[in-house]
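Colleague: I have a structure here, written as structure tokens, and I will follow up with some questions on it.
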Amino acid sequence: MYKIAVMGDRDSILGFQALGLEVFPTEDLNEARRTLHRLAHSDYAVIYITEQLSRSLSADIARYQDAVTPAIILIPGKSGSLGLGSAALRSAVERAVGSDIL
């Protein structure tokens with residue numbers, strides 16, 4: 001059975017644990033890279049990553065962009081949205097449909 005993970009700073013992701021998701025607080029960039037790759041090669045179908053962390057991991061996230069699993073979804077962190085999640089969703093829809101319908 002597939003699992004769902006959430007990565008980011010502790011304050012932004014701790015609430016997801018109450019929903020039954022597995023949280024992986026990361027403060028160090030190298031630790032975040034290792035965690036992302038470990039989760040991607042495990043039984044995780046969805047990995048939520050805070051937008052703030054995703055800025056530093058953009059090259060690593062791009063490696064999994066066209067893979068069936070894991071689906072990497074950007075979420076706002078405690079300091080609010082940077083617009084990266086919306087842009088990623090718009091891009092994915094455009095690739096799938098062939099035009100920008102959003």
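The values are calculated or read from the model by the stated rules, or taken from the named source; none is laboratory data. Quantities reported herein were computed from a predicted structural model and do not represent experimental measurements. Reconstructed Cβ throughout: ideal geometry from the backbone, glycine too, with neighbour counts over all protein chains shown. Calculation scope for accessible area: heavy atoms of the full protein, side chains included, ligands and nucleic acids excluded. Shrake-Rupley method; radii C 1.70, N 1.55, O 1.52, S 1.80 Å.
Colleague: Return yes when Thr69 is surrounded by 12 or more Cβ atoms within 10 Å (Cβ to Cβ), of a type in the set (Val, Ile, Thr) and modelled with pLDDT of 90 or more and no when it is not.
Modeller: No, not satisfied.
Colleague: Then there's this: Report yes if Ala40 is crowded, with 18+ Cβ neighbours inside 10 Å, touching a residue at least 40 places away in the same chain (Cβ under 8 Å) and not aromatic (Phe, Trp, Tyr), otherwise no.
Modeller: No; evaluated as a whole, the condition is false for this residue.
Colleague: Continuing with this model, one more query. Of these, Glu31, Glu51, which one is out of contact with any Asp or Glu (no Cβ under 9 Å at 6 or more places or on another chain) and open to solvent by 60 Å² or more (accessible area, probe 1.4 Å)?
Modeller: The match here is Glu31.
Colleague: Can you pull out every residue in segment 1-37 that is among the aliphatic types (A, V, I, L, M), within 14 Å of Ile73 (Cβ to Cβ) and touching a residue at least 40 places away in the same chain (Cβ under 8 Å)?
Modeller: Listed by number, the residues that qualify are Ile4, Ala5, Val6, Met7.
Colleague: May I pose another question? Which members of segment 9-31 meet the condition of being modelled with pLDDT of 95 or more and in contact with a helix residue (DSSP H, G or I) (Cβ under 6 Å, 6 or more places away or on another chain)?
Modeller: Val23, Phe24, Pro25
Colleague: Of the numbered conditions (1) within 13 Å of Ala71 (Cα to Cα); (2) free of Cβ contacts under 8 Å to residues at least 24 places away in the same chain, Ala45 fails exactly one; give the number of that condition.
Modeller: Failed condition: (2).
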